[in-house]
1. Mind checking whether some residue in region B:98-120 is crowded, with 17+ Cβ neighbours inside 10 Å and among the polar types (S, T, N, Q)?
2. Residues of region B:131-184 being touching a residue at least 40 places away in the same chain (Cβ under 8 Å), open to solvent by less than 40 Å² (accessible area, probe 1.4 Å) and farther than 28 Å from residue A:9 by Cα, which ones?
3. So for region B:73-92 (the condition being in a helix (DSSP H, G or I), modelled with pLDDT of 85 or more and within 22 Å of residue B:185 (Cβ to Cβ)), does at least one residue qualify?
4. Give the residues of region B:3-46 that are more than 30 Å from the chain's Cα centre (by Cα) and open to solvent by 70 Å² or more (accessible area, probe 1.4 Å), sorted by residue number.
5. Restricting attention to region A:57-77, which residues are at the interface with chain B (Cβ under 10 Å from one of its Cβ atoms) and more than 19 Å from residue B:149 (Cα to Cα)?
6. Which residue, of B:93, B:83, B:30, B:16, is closer than 22 Å to residue A:11 by Cβ and among the hydroxyl-bearing types (Ser, Thr, Tyr)?
7. Given the criteria in contact with an Asp or Glu (Cβ under 8 Å, 6 or more places away or on another chain) and either aliphatic (A, V, I, L, M) or over 30 Å from residue B:155 (Cβ atoms) (or both), does residue B:268 qualify?
8. Can you tell me which condition residue A:39 does not meet? The list is (1) touching a His at 6+ places or on another chain (Cβ under 8 Å); (2) within 30 Å of residue B:208 (Cα to Cα), and all the others hold.
Amino acid sequence: MKTVKVNIVTPDGSVYDSEVTMVIAKTTSGEIGVLAGHIPMVAPLAIGAVKLKKADGTTEVAAVSGGFIEVRPEKISILAPSAEVAASIDIARAKEALARAEGRLQKKQDDIDFKRAELSLNRAMNRINVHEGNI
Amino acid sequence: MVNLREIKGRINSTKSTKQITKAMQMVSSSKLRRAEQNAKAYVPYMEKIQEVVGAIAAGTKDSGHPMLMSRPVKKTAYLVIGSDSGLAGAYNSSILREVQNTIIKRHKSTDEYVILAVGRVVRDYFVKRGHNVIADVIGLPDQPSFADIKEIARNAVGMFIDGTYDELYMYYNHFVSAIQNEVTVKKVLPLTDIAPSSNDASYEFEPSGEAILEVLLPQYAESLIYGAILDGKASEHSARMTAMKNATDNANDLIADLSLQYNRARQAAITQEITEIVGGAAALE
């Protein structure tokens, strides 16, 4: 099967760079699967997992918190404020963040704090899910 | 006659100062190396985002997105990036002078501008002079990650969108080389000078160009700020390294001078003693 180069870049450097056959990402308007040779496309990403299917049949997963995906026929780039592949997720930190966010959500504060807590809850859940492999 | 013990004391204290400045110089030079690496790791992200923003902005002209539109300026914001501690030569003072001059030139009253300060020195300077500092970050680590600066970047962009101010300038020291950096002014918002990128791939937008700009532009502005802070950090370490190198060199000169003085004084004392002994012996004959 044809492969395409995928690069996940964050401001702290590149976190993933490899050849894959298919990328499945969660955009704000729903999940998309991209194969090699796709027409150029840009889409904003939701907080979620990105699945990277490799030629040998294995699948790698990365947790991405927002950003966007840029698709070109020969190359796919994902630019996100933060992203980790499953193996390098700091699970203790994610669990901590989850607890903190839950605490904040229970204390019904004003709108902005509420939204922020919700977002960080989503990010933490996403990291934990990706780490534990239940996506 | 110069007091021998006094000179000896000065030599010793200069020596211990030199040890400290030398150590600080070495620390800064290793931090500089790390900072340079960080700045380098950041380049691909910045280039990519610039390219995509350029392509989209060129494709969706007159999108009317508030971050792309110049509006009448009622209030200007200055994001000033400096350091937390001193001992970095002219690193902070050259930036502060530049900002202060600009403010005096452009504004008549303190209602016309606000300051966003990065670094303790910067904040203290503007607070002391009665400027309106509406946001500050202090205690940034030497190698800041994006998470460390997300707060200030998001605030800076958010306050532009909600109309707290109508334009945002960024002042920082651009790292030219290990021995040179220059004060740089960059207009961050509104994003009027996005260069249309050269790649002519016409993108499909999913769901729409406007929806993507909504996500992309804040991310772009935040990454501009992050880039400037990384650049500023590299300059800070290089400025501190140079300052400490100068201090060490000066200490060496001083020690050489004092040693010469000390030896002269000691020799003078010996000569005098001999003269006295010889004089005493001659008187006995």
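1. So far as region B:98-120 goes, no, none of its residues is crowded, with 17+ Cβ neighbours inside 10 Å and among the polar types (S, T, N, Q).
2. Selection gives B:165, B:166, B:167.
3. Taking region B:73-92 first, the residues in a helix (DSSP H, G or I) are B:91-92.
Next, from what is left, pick out any that are modelled with pLDDT of 85 or more: B:91-92.
From what's left, within 22 Å of residue B:185 (Cβ to Cβ): B:91-92.
The answer is yes, given that some residue of region B:73-92 is in a helix (DSSP H, G or I), modelled with pLDDT of 85 or more and within 22 Å of residue B:185 (Cβ to Cβ).
4. Once the filter is applied, which keeps residues that are more than 30 Å from the chain's Cα centre (by Cα) and open to solvent by 70 Å² or more (accessible area, probe 1.4 Å), region B:3-46 yields B:3, B:5, B:6, B:8, B:10, B:12.
5. If the condition is that a residue be at the interface with chain B (Cβ under 10 Å from one of its Cβ atoms) and more than 19 Å from residue B:149 (Cα to Cα), then A:68, A:69, A:70, A:71, A:72, A:73, A:77 are the ones that fit.
6. Working: B:93 fails: closer than 22 Å to residue A:11 by Cβ; B:30 fails: closer than 22 Å to residue A:11 by Cβ; B:16 fails: closer than 22 Å to residue A:11 by Cβ.
The conditions single out B:83.
7. No: the conditions fail for residue B:268.
8. Unmet for residue A:39, out of (1) touching a His at 6+ places or on another chain (Cβ under 8 Å); (2) within 30 Å of residue B:208 (Cα to Cα): (1).
The values are calculated or read from the model by the stated rules, or taken from the named source; none is laboratory data. Nothing here was measured: the structure is a model prediction, and the numbers come from that model. All Cβ positions, even for glycine, are placed from backbone atoms using ideal geometry, and neighbour counts span all protein chains on display. Surface areas here come from the heavy atoms of the whole protein model, side chains and all, with no ligands, DNA or RNA. Shrake-Rupley method; radii C 1.70, N 1.55, O 1.52, S 1.80 Å.
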